Amino acid sequence: MSDIDTHRPPAAATPPSPGEAEAITTKERTQLQLVLSRFVRHKVAMISLGVFLLIAAWAFLVPHVWPHPHTIDRSIPQNVPWFQMWEHPLGTTQLGHDLMARMMKATQNSILVGLVAATIGVTIGTVWGAVAGFYRGWIDAVMMRIVDVIIVVPVLVIYLVVAGSIRGGASWYGLAILIGLFAWTAESRIIRGHVMSLREREYIEAARAMGASDVRIIFRHLIPNTTSIIVVAFTLAIAIAIIAEAALSFLGFGIRPPDISLGQMIQQAQTAVFVRPWLFYLPGLMIVAIVLAINFIGDGLRDALDPRQTMVRR
Amino acid sequence: MTTTSAPTGTGTVLSARNLVKHFPVRSKGLIKRKIGEVHAVCDVSLDLRERETLGLVGESGCGKSTTARLLLSLIPVTSGEVHYQGKSLTTLSRAEMRPVRRDLQIVFQDPFASLDPRMTVSEIIAEPLRIHGLYNDGGRNKVRDLLQVVGLNPEHGNRYPHEFSGGQRQRIGVARALALRPKVMVLDEPVSALDVSIQAGVINLFEELQEELDLSYLFVSHDLSVVRHIADRVAVMYLGKIIEEGTTEQLFAAAAHPYTQALISAIPLPDPRKERTRQRILVTGDVPSPVNPPSGCRFRTRCPKFANQLTDSDKQRCINEEPVLTDRGHGHNSACHYAEALKLV
Amino acid sequence: MSAAPPGAHDPDLLLQIDDLTVGFPTDDGLVQAVRGVSYELRRGESLGIVGESGSGKSVTSLAVMGLLPQTAKITGSAKVHGREVLGLSDAAISKIRGNDIAMIFQDPLTSLNPAFTVGFQLAEAVLVHREVTKKEAHKRAVELLDLVGIPFPEQRAHAYPHELSGGMRQRVVIAIAMANNPSIIIADEPTTALDVTVQAQVMESLQAARRETGAALILITHDLGVIAGHVDRVNVMYAGMLVESGTVDDIFYSPRMPYSLGLLGSLPRMDEARHERLTPILGTPPSLVNMPPGCPFAPRCPMAEDLCREQEPELRPVDGGPHAAACHFSDRLEGASPADLFKAPTLDADLIADLEEQQ
């Protein structure tokens, strides 16, 4: 009978013998791999991801090879209905815009606004919620009352006032920043709730016992453990920001010509719903498609990131 | 036996004097009024000596874990003092406390909750070194060594905690606590969540580390079997108070407080013949609420002696007068007016 | 094992489990939680099933009771009073659960309805089984509460489950089990969540329930101490298999399977003064997915040989008696003590020195 020495593997090259205290029997899989494998099984989310990637590829890549600009081109025929001319598959406007080119540019802007606004909003919301949830007490009370105030004031009014005061209309990033600056209240509440339960976990107490500073505990231990919530909140925030952009542009306070957005396109076409339906319905459908796809992706991510679905070994 | 298990160094490292901790009970609703207090720890004094293991024993809610956290200044005391190497910790600011934390470490009960799930094992063990600015000085090698010391394969350092079993995770927790080379380790029920066959390996690890690294342990546990095996001295807590303390031999050979006796006789022995014949002291009822502890002796509501043996006039003393810890010889203290030594195992 | 003629059912044979397997499909493959377990329970007997987490000790009884999730794949046979229960409809099996078998779980709240007082729930159980008036049922309920050792049973009968402590709730569950007058009580880790002094009270109530109803007991636990004091026969489970079976004295004083021996050596003993070191079983139990061939304990077994890694041993009688062990070399264990077989590993002094140096 050989002496089994648990504490030192015999040599680096040989695989650990099964008797060792450290023997691991399952194959190595990172958390990312686990999440991905669960996400892939979520059919609706996978289809939505495909749809979203297609739309994004179309909006960002096709313009490079598309012969027409999104601006007015006097040389093209006007008022071409959809699916009539190979040259202008989605039709043209009465002023001589190629609708395909306009749709691509507008979709680009919508996606960009969504991404940037969601990034800003989720970042603020996460830090705000984490700090409030970590400190609790009066710091939490003050911070959450500020959130309440922002929620009570109709955000659209703030947007209108601020966006309206920008001379010459907002650029897409100006609009994105504006939306992002006010769209973090829901995130901060969710993160705060989660952090409040996380801070009672033993590993946070362990960090404290090691002498970790508050900043370190918040940024190195608490926020990384809210990743799943942040990811889901991020997808939802994109959808909300896209809708907010569309609404602002529709009201005439968003992106203004010569730049273009989906909301602005709908606004311009609202008088022509029956005469030139393609001008109205196509941007509308695009908004619906993007927002739905993103929401379903969020659903899939939430399920995939749910730790309760993890197979835990003993 | 007493002489062999007595600690070799007799200097006190960590001591607590008259620790008190009350947690407020607040009403629900927007304005949270204080409607009472949980008397979690009431007037507890302890001495942890160099290189010894002090077992702190009691049932859930007796305040043993709170006491452990007070000793580490993880929660503020309501009153009382904690001294480490002669220094008072209760008055230190967080910044002043930080260097002391290197010497005082803790291992938690739940190996699933005490490791950050988003960090790899190497990162978890490196964390204390990073916090104290020691990582750049050969931290990588140190982490590898620590993994080996606790019986884990350093090749697995880049894995996440969820890939390890309970026993392995507890070893990771031990490696993390060891990283700063502490002098005192508080072990808060470190093996209660583990299976028997795994538990033994972790207990052995603690014992060997203590011998090699001259550690002092405060071993918090509800399991008297483990405590008898690992501890040099034992303090028994009930409802926020220490009701008996002494060396392990004194306590198990001659338990004097009825609660200690009940506790010992309630632990089932893995020995069918002894189980069939042993004397049992059963207590009735449950632990009273620490919001409103009984007057006089806190154990009297469940005490078999109080219920069955004492006369009414004797009982009055239990009801009116709180028994204090008194020495019954050779440092064996118990807090019972009618203490009487009994050998139960 | 019984001498009953084929076809006729032995009335004393309450539960017969034959080659039961349970698998759970997961991301990683099929988890084989139970891999061919057979045992029987006779009238009035008390059987302990001991094993560590993941050994399949609870899953076995949950399968019999039809309490496993739909996804579980169950094969084999389980007969209650000679009647096959695997594959029965929900309605049929819940009837058996109510009448023949009572289950007591670790968490008593799973079996109590939070919306009714415990007295009402107890009286309900009494009414199902006896032709009595409501008043008499209530009286019997209070009586039962008294029998399981609940102080002030008259007042406690009017309490809701959440108003009682954990130990008290568990005793209420035992009282309800008594009211149903079952022939089998299955207690699955009934005291694991409780403090030791309360644990002693609950085990006392369980014994009272057995005295009162004459029911056979299956006590499932990881605690060898609880097993030692409360059962006649013990089944030891490891990695979904029965690895040893015998009387409580067989298992504790002459175990013939290295795993059982190792468990005993791993236990810190309160009745013995501190000895040098415990002798742990090294390693961890195998993953129940893709089990390698051979004895599941072989990777952790100090006396494993090539045969052990190739061929899985069956549960075979040792010493001709009812004592049985699943080990190719069980004869070698006659009179062995844990320390003969298992060694306590020691720390590497060089490593410690390294650590000291770096400080």
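We did not get these values from a lab; they are worked out from the coordinates using the rules stated. These numbers come from a predicted model, not from an experiment. Note that we place each Cβ from the backbone using ideal geometry, even for glycine, and neighbour counts take in every protein chain shown.
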Euclidean distance between Cα centres, region B:143-222 to region C:190-267, Å: 29 Å
Rg to Rh, two decimals, where chain C supplies the alpha carbon set and Rh follows Kirkwood: 1.02
Backbone HN-Hα couplings from phi across region C:278-293 [Karplus 6.51/-1.76/1.60, Hz, Gly and Pro as x]: 6, 10, x, 8, 6, x, 10, x, x, 5, 7, 9, 6, 5, x, x
Distribution of pairwise C-alpha distances over region B:196-345, 10 Å bins, in %: 10, 36, 34, 16, 4, 0
For region C:62-75, Karplus couplings with θ = phi - 60° (6.51, -1.76, 1.60), whole Hz, Gly/Pro x: 5, 5, 4, 7, x, 10, 8, x, 3, 6, 5, 9, 10, 10
Two-site FRET efficiency, B:THR284 against C:GLU163, from Cβ-Cβ distance with R₀ of 22 Å, rounded to 0.05: 0.75
Virtual spin-label span in nm between C:ALA273 and A:TYR281, 7 Å along Cα→Cβ: 9.4 nm
Simple Cβ-charge dipole of chain C, Lys/Arg +1 and Asp/Glu -1, about Cα centre, in debye nearest 20: 1500 debye
Label-point gap, in nm, between C:THR346 and C:SER77 - each point 7 angstrom along Cα→Cβ: 5.6 nm
Within-15-Å neighbourhood charge of A:LEU112 [Cβ basis; K, R +1; D, E -1]: -1
Where labels lie 7 Å past Cα in the beta-carbon direction, separation of B:VAL25 and B:ASP137 in nm: 5.0 nm
Highest to lowest packing among A:95-103, C:318-326, scored as the average C-beta count within 10 Å: A:95-103, C:318-326
Nearest-20 debye value, region C:159-218 charge dipole, Cβ charges on Lys, Arg, Asp, Glu: 160 debye
Cross-link pairs B:LYS64/C:LYS57; B:LYS315/B:LYS343; B:LYS241/B:LYS274 - those with Cα-Cα distance over 27 Å: B:LYS64/C:LYS57; B:LYS241/B:LYS274
With at most 13 neighbouring Cβ atoms within 10 Å, loop GluC sites (Glu not before Pro) (DSSP) excluded, longest segment of chain C: C:132-275
Full-extension gain in nm, B:THR311 to B:ALA95, via 0.36 nm per residue minus C-alpha separation: 72.1 nm
Sum of -39500 (n - 2.57) over DSSP H runs of 4+, divided by residues of chain B (222 nm, nearest 500): -9500 deg cm²/dmol
Leading residue at positive end of dipole, the protein assembly as shown (Cβ point charges), from C:SER266, C:ASN113, B:LEU310: C:ASN113
Dipole of region B:254-345 [Lys/Arg +1, Asp/Glu -1 at C-beta], most positive-end residue of B:ALA335, B:PRO294, B:ALA254: B:ALA254
Other protein chain Cβ atoms within 10 Å, averaged over every residue that makes up C:293-304: 2
Overall form of region B:148-207 per C-alpha gyration tensor (a/c, 1.5; a/b vs b/c): oblate
DSSP-assigned coil residues among chymotrypsin sites (Phe, Trp or Tyr not before Pro) in region C:58-150, each with at most 14 further Cβ atoms within 10 Å: C:PHE116
DSSP bridge pairs, region C:13-231: antiparallel proportion in percent, nearest 5: 60 percent
Antiparallel content of DSSP bridges confined to the protein assembly as shown, in %, to 5: 65 percent
Cα gyration tensor shape for region C:237-341, rounded if a/c is under 1.5, else prolate or oblate: oblate
Tilt relative to chain C, helix C:166-179 - C-alpha long axis, 0 to 90 degrees, to 10: 60 degrees
Estimated dipole of region C:1-133 in Debye, rounded to 20 [Cβ of Lys and Arg +1, of Asp and Glu -1, Cα centre]: 160 debye
Two-decimal log10 I(q)/I(0) for the protein assembly as shown, as the Debye equation yields it once each C-alpha is a single scatterer, q = 0.10 Å⁻¹: -1.30
Cα gyration tensor shape of region C:1-131, rounded if a/c is under 1.5, else prolate or oblate by comparing a/b with b/c: oblate
Relative contact order %, region A:233-312, counting alpha carbon pairs below 8 Å whose residues are six or more apart: 31 percent
